[in-house]
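What follows is a single structure, written as structure tokens, with notes after it.
Just so it is clear, none of the values below were taken in a lab; they were calculated from the coordinates. Since the structure is predicted, the reported quantities are computational estimates derived from the model, not experimental observations. Cβ placement follows ideal geometry from the backbone for every residue including glycine, while neighbour counts extend to all protein chains displayed.
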Amino acid sequence: MTRPYSNDLRERVVAAVAGGQSCRVVAERFDIAVSSVVKWSQRHRVTGSVSPGKMGGHRRRVLESHRAFIVERIEQISHLTLHQLKDELAARGIAVSHNAIWQFMRREGLSFKKNAIRP
């Protein structure tokens, strides 16, 4: 993902629009997209700032609060597969992907049988 434009440029663009120039003229003058000029002007009107919003973020880990249940199930059934664990979690109303379970298991240092066909 690219970095946001500098606040200096944003302030000059918003000042030009506030000075009466059209968004298209300002966009051409500063060599940026018209949509950027419009969005920055809107942001300035609403918030009073031209600073960019937060980029990216952190996704909360859905399975952290269910760790005790997962560990208990693995201890009870040593041959538990990823698919079975996903189905058990779904029965409890916890909809997660296989990848979320896999990453949780790796992060916690837990292991499980990966294939029900293998002994």
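Sorting HIS66, HIS58 on the 10 Å Cβ count, fewest up front, what's the list?
Fewest-to-most Cβ neighbours within 10 Å comes out as HIS58, HIS66.
If I fit a long axis through the Cα atoms of helix 82-91 and take the longest principal axis of the Cα atoms of the chain, what angle between them do I get, 0 to 90°, rounded to 10?
Tilt of helix 82-91: around 80 degrees.
Based solely on its DSSP helices, what 222 nm [θ] is calculated for the chain when runs of n ≥ 4 H residues each add -39,500 (n - 2.57) and the sum is averaged over all residues, nearest 500 deg cm²/dmol?
-16500 deg cm²/dmol
Using r as the Cβ-Cβ distance of SER97 and LEU9, and R0 as 41 Å, what FRET efficiency do you calculate, to the nearest 0.05?
0.55
7 Å from Cα along Cα→Cβ at both ARG60 and LEU110: what's the point-to-point distance in nm?
The two pseudo-label positions are separated by 1.9 nm.
Taking the structure as given and computing log10 I(q)/I(0) by the Debye sum over Cα atoms at q = 0.14, 0.17 Å⁻¹, which label from (i) -0.64, -0.79; (ii) -0.67, -0.90; (iii) -0.52, -0.79 fits?
This structure yields the entry labelled (i).
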